[in-house]
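Colleague: Input: one structure, supplied below.
The values are calculated or read from the model by the stated rules, or taken from the named source; none is laboratory data. All values reported here derive from a predicted model rather than from experimental measurement. All Cβ positions, even for glycine, are placed from backbone atoms using ideal geometry, and neighbour counts span all protein chains on display.
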Amino acid sequence: MSTTAVIEPGITMGELVSHFPGAQRALFRSYHIGGCSSCGFRPDETLADVCARNDNLPVAEVIESLKTAQEADDRMQVSVTEAADLVKEGKAKLVDVRTREEYDAVHIDGSIFMTQELMHQLGGWDKTQQIIFVCHHGIRSLDAAAYFAGHGVENVRSMRGGIDAWSCEVDPNLPRYELA
């Protein structure tokens, strides 16, 4: 869990999803909050405000649910150095979930670009080999890992910090970039 923010009733939703990227997914899964315009929230609303307007959900229960979800997300993540070791040992494949433009601009050698066809094949891959999802900073890849784990694909992880962290910690020759 983030050491710079604490989940408390007064945290704004903008701060919550910034510090705890899986929070929106967890709120939607548990309470159907934040997945569409009819159940959405504003970044300036507090968690307490959102709970109050959603049938007066008990704030303490929602906070515990968010903490549990964050712990599960933390267990699903792998550091870039651990990912590099697993790939080098042949125990994992890197699957890149960024856009085609991002992938074409810079990617990790040996990584596989996520296509619609590949998405349908993942469940049939060797179950002993980990699939480590990669994105720019580790947020989209965590969503992808959670999605596939939730659909029965075992042995999936997300690379914490994404390709940006890989550029800093594993391969400094890999160019860094910022999205426009």
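Colleague: From A92, A144, which residue is outside the structural domain of A26 (by TED's automatic domain parsing), of a type outside the set (S, T, N, Q), farther than 15 Å from W166 by Cβ and surrounded by 15 or more Cβ atoms within 10 Å (Cβ to Cβ)?
Modeller: Matching residue, one of A92, A144: A144.
Colleague: Turning to a different aspect of this structure: Could you please find all residues in region 50-75 being surrounded by 18 or more Cβ atoms within 10 Å (Cβ to Cβ) and under 20 Å from A165 (Cα atoms)?
Modeller: Correct list: D73 only.
Let's see how each residue does on (1) farther than 21 Å from E178 by Cβ; (2) at pLDDT below 90; (3) not in a loop (DSSP other than H, G, I, E, B):
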{"site": "L118", "(1), (2), (3)": "yes, yes, yes"}
{"site": "K127", "(1), (2), (3)": "yes, yes, no"}
{"site": "G138", "(1), (2), (3)": "no, no, no"}
{"site": "A144", "(1), (2), (3)": "yes, no, yes"}
{"site": "Y147", "(1), (2), (3)": "yes, yes, yes"}
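Colleague: For region 149-168, name all the residues that are exposed (fewer than 14 other Cβ atoms within 10 Å of the Cβ) and in a helix (DSSP H, G or I).
Modeller: Matches in region 149-168: G150, C168.
Colleague: While we're looking at this one, here's another question. Select from region 55-64 the residues that are more than 15 Å from M13 (Cβ to Cβ) and assigned to a helix (DSSP H, G or I) and list them in ascending order.
Modeller: Correct list: A60, E61, E64.
Colleague: Further, regarding this structure: Quick one: how many residues across region 83-116 are part of a loop (DSSP other than H, G, I, E, B) and in contact (Cβ under 8 Å) with a residue 40 or more places away in the chain?
Modeller: Residues flagged as part of a loop (DSSP other than H, G, I, E, B) and in contact (Cβ under 8 Å) with a residue 40 or more places away in the chain within region 83-116 amount to 5.
Colleague: Further question on the same structure: Looking at region 37-54, can you tell me whether even one residue there is under 21 Å from the mean Cα position of the chain (by Cα), in a loop (DSSP other than H, G, I, E, B) and either in the same structural domain as S158 (by TED's automatic domain parsing) or of a type in the set (F, W, Y) (or both)?
Modeller: yes
Colleague: What residue, among those in region 65-85 that are touching a Leu at 6+ places or on another chain (Cβ under 9 Å) and among the aliphatic types (A, V, I, L, M), is nearest to I11 (Cα to Cα)?
Modeller: Selected residue: L66.
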